[in-house]
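Peer 1: What follows is a single structure, and I will ask about it in a moment.
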Amino acid sequence: MTGAPITVLFVDDDEQWVRYIADELEAEDPSFETTVALNANEAVIARDEDDSIDCVVTDYRMPEIDGIQMLERVRESHPELPCILVTGTGSEDVAT
């Protein structure tokens with residue numbers, strides 16, 4: 001591995017799924033390091049406590065607040081942080 005690792009924060013309320021995806025990414029490319037959060041509050045805390053996070057990948061559907069609302073909270077303090085919103089149950093309304 002050359003250079004600093006790329007740290008990705010994965011956010012999903014399905015613990016088995018999010019840990020599987022995180023493990024697969026790290027297995028595919030050792031330059032990736034992953035952090036897992038199981039809800040929006042954990043994600044915001046993780047992002048605020050860890051300046052090494054380079055990207056946030058979040059599910060859209062989660063309890064309490066959805067992925068878009070969570071990303072809005074993250075963007076308040078980290079407006080330049082790349083974010084990816086994923087969903088298996090969304091619609092074109094979510095994408096716009």
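Peer 1: Do you know which of the residues in the range 52-75 that are part of a loop (DSSP other than H, G, I, E, B), touching a strand residue (DSSP E or B) at 6+ places or on another chain (Cβ under 8 Å) and not polar (S, T, N, Q) is most open to solvent (accessible area, probe 1.4 Å)? Before you say what the answer is, go through the steps one by one.
Peer 2: Of all residues in the range 52-75, those part of a loop (DSSP other than H, G, I, E, B) come to 52, 60-66.
Next cut, touching a strand residue (DSSP E or B) at 6+ places or on another chain (Cβ under 8 Å) only: 52, 60, 62.
With not polar (S, T, N, Q) added as a condition, the list becomes 60, 62.
On the way: TYR60: 48, MET62: 25 Å².
The extreme case among them is TYR60.
Peer 1: Out of everything in the range 15-51 that is among the small types (Gly, Ala, Ser) and under 13 Å from the mean Cα position of the chain (by Cα), what residue ends up being most open to solvent (accessible area, probe 1.4 Å)?
Peer 2: Per the stated criteria, the residue is ALA46.
Peer 1: Of all residues being under 13 Å from the mean Cα position of the chain (by Cα) and in a loop (DSSP other than H, G, I, E, B) in the range 77-92, which is modelled with the lowest pLDDT? Just the residue, please. Spell out the reasoning first.
Peer 2: Just the residues of the range 77-92 that are under 13 Å from the mean Cα position of the chain (by Cα), to begin with: 81-87.
Remaining after also requiring in a loop (DSSP other than H, G, I, E, B): 81-82, 87.
On the way: LEU81: 91, PRO82: 93, THR87: 81.
So the residue we want is THR87.
Peer 1: Please list, ordered by first then second residue, the pairs with beta carbon atoms under 8 Å, 6 or more apart or interchain, first in the range 66-90 and among the aliphatic types (A, V, I, L, M), second part of a loop (DSSP other than H, G, I, E, B) and open to solvent by 40 Å² or more (accessible area, probe 1.4 Å).
Peer 2: Final answer for the pair search is ILE68/TYR60; LEU85/TYR60; VAL86/TYR60.
The values are calculated or read from the model by the stated rules, or taken from the named source; none is laboratory data. Worth saying up front: this structure is predicted, and the values here are computed from it rather than measured. Because the Cβ atoms are built from the backbone with ideal geometry, glycine has one as well, and the counts that use them run over all protein chains shown. Remember, those area values only see protein heavy atoms, side chains included, never the ligands or the DNA or RNA. Shrake-Rupley method; radii C 1.70, N 1.55, O 1.52, S 1.80 Å.
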